[in-house]
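Contents: one structure, followed by commentary.
The values are calculated or read from the model by the stated rules, or taken from the named source; none is laboratory data. Keep in mind it's a predicted model, so treat the numbers as computed, not measured. Ideal geometry is used to build each Cβ from the backbone, glycine not excepted, and the neighbour counts take in all protein chains shown.
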Amino acid sequence: MNEARAYVYHGEWVADCPRSCGNVEFLFNKQNPRRKDSPRTIRKTAFVCSYCSLTAPIEWAQDETAITMTLNVRPIPHTRNWYPKGHPVALRYRLPDGQTIHELVEEAREHGVIPPEKLRASF
């Protein structure tokens, strides 16, 4: 069985259905931020397609947290995108794929976004 490949689209971790039914699922469950006893988001442990009902493992980026932190400094959500190397969506639309954290930081700097000190210190 194929894994669902996690990628970031407009600041959200998502994955396409490995069955190619055309569906995309969010990979974090959003929780009610007003409830103090629950975390803000919960990372899904498996991909479950709400369209075709396929259940599959998720292939996450090794540096998922760093990718998220790096992209979140960008003020406009539609600029917060990251695709793993060879991802079909990136290839189809000629988008960057497999970018490293350093490349994401440099890309942000080219567009006038300077990461916070804590983030810059790690590179």
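Before moving on, here are some points about what is shown:
- Complete set of residues in the stretch 66-96 that are part of a loop (DSSP other than H, G, I, E, B), β-branched (V, I, T) and without any contact (Cβ under 8 Å) to a residue 40 or more places away in the chain: I76
- In summary, Y83 fulfils each of the numbered conditions (1) among the hydroxyl-bearing types (S, T, Y); (2) loosely packed, with under 14 Cβ neighbours inside 10 Å; (3) at pLDDT 95 or above; (4) in contact with a helix residue (DSSP H, G or I) (Cβ under 8 Å, 6 or more places away or on another chain) with the single exception of condition (2).
- You will find that of A90, A56, A46, A61, the residue that is within 18 Å of V14 (Cβ to Cβ), modelled with pLDDT of 95 or more and surrounded by fewer than 12 Cβ atoms within 10 Å (Cβ to Cβ) is A46 and no other.
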